[in-house]
Structures are given as C-alpha cells and as structure tokens.
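Here, each number is a calculation from the coordinates, and none is a lab measurement. Worth saying up front: this structure is predicted, and the values here are computed from it rather than measured. When we count neighbours, we look across all protein chains shown, and the Cβ atoms used for this are built from the backbone with ideal geometry, even at glycine.
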C-alpha cells in the first residue's frame, strides 16, 4: 500500500488530510513538528511527504533538503501563497505546492499525480498498476487488459468523480467521438469485470460514466 507522511503542526488540518487520503486507499502517518517529521522520513518507508513550511523545530525547507537525500517526493502545503514563496519551494526541489486553504478534491488529485509521476504506479485497493510496464496485478496475479482497455481505465481514473460524456471519452481515448458508442459500452463492461469495479465505475444514463473515488 502507498504510504504518505503528513508533517503539519495544526492537528485539524492533519486530521482532514488523513481522512481524505485514507478514504481513497492511502496509508497515512503524521508528525506535528519538524523533528519528528525528520525521524519518520529517515525510516525510508514513505512514498510521498506533505510538508507545511512553518513548523516547530525544523521548518519545511530544512525537511525538504533532508527528504531529497532519501529521494522522497515532496508536496508543500502551506499558507505562504505569494508567488516568490511558490517559486522558492519549487526551485528547491518540491514536486508540487498547494496553498491553504485548499479543496480536498484538488489535494487528492495532486497527490495522485505526484505519485504517478515519481513512482509510475497506482494502487487501487488490492490492485497494483505499473504505468511504465502497463502491468496490472491483484495479489501477485497479473490481470490482462488490452491496450485500449488500459487507456480507458487510466482516463477514467485520472478524472475521478467527474461526469464524463460518452463523446468526450471517445475523443480522448479513441480520438474519434463519432465511433459507435457500443464499443465504449463493451470496454467499460470488460474493465468492470476484470478489475471488479462495478461499484466504482457508474453509468450516468443519457450522459456517460463516472469513476467514483471510493466505494
């Protein structure tokens, strides 16, 4: 399971982030100060860290320098929202920068994007998807998707909780919005069956489909 570390000194924000990330399948640990954050980073057991900048003991910039030695991807989550602050954070090597207050949906999307970009993998419950090899496994057993099924699954996954029109999906995945929509229906059915996603990929009658974030 993908593990995320949250280093933030305001517990209500920690709680909000932890609940949101756990709801979409991530495992979350947290630290309320920079010293404990550094100790947890040192364990090397995390796939991503979300860091506040203004922290007791060690600040987020100091933790970023430390995390880079561990090759740990970092997203800053901070109230320091001026352009110069964002540029400084990104120039120092942060993988993304989110300004408080933020929407939970945006946070999850950015976390997903950084993990995909840095680790080239997706974990969806007990399913592991390698984006480079395009290999999908459940409990060590490979699940075969056709190239187009994989492309369709990835497009749905990357647009979770968004109602997608049939024409939009056909254009983005097949580059042909005039294609027989039955082709899309069959591919959706096969993905649902192979990945056991009947309760996640929902039909919106008269519109298209939506990939729900959680069951």
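Between 0 and 90 degrees, the angle of helix 147-158 with respect to the longest Cα principal axis of the chain falls at about 50 degrees. Counting 0.36 nm for each residue step from residue 88 to residue 155 and taking away their Cα separation leaves a gain of 20.9 nm.
Take the Cα of residue 43, step 7 Å toward its Cβ, do the same at residue 79, and the gap between the two points is 2.9 nm. Rounded to the nearest 5, the antiparallel percentage of DSSP beta bridges internal to the chain is 50%.
Each residue in 185, 78 was given a count of other beta-carbon atoms within 10 angstrom of its own, and listing them fewest first yields 185, 78. Under 1.5 on a/c is rounded, so check that first for region 2-99, then, if it is not, pick prolate when a/b is larger than b/c and oblate when it is not; a ≥ b ≥ c are the square roots of the alpha carbon gyration tensor eigenvalues. Taking the square roots of the gyration eigenvalues as a ≥ b ≥ c, region 2-99 is rounded. Rounded to the nearest 10 degrees, the angle from helix 11-23 to the longest Cα principal axis of the chain is 30 degrees. The helix-only estimate of mean residue ellipticity at 222 nm for the chain, built from DSSP H runs of length n ≥ 4 each weighted as -39500 (n - 2.57), is -12500 deg cm²/dmol after division by the residue total. Helix 104-119 and the long axis of the chain differ in direction by around 90°, with both axes built from C-alpha atoms. Here P(r) over Cα pairs in 10 Å bins from 0, in percent was computed from the coordinates, and among (1) 8, 31, 30, 20, 10, 1, 0; (2) 7, 29, 34, 22, 7, 0; (3) 8, 34, 37, 17, 4, 1, 0 the match is (1).
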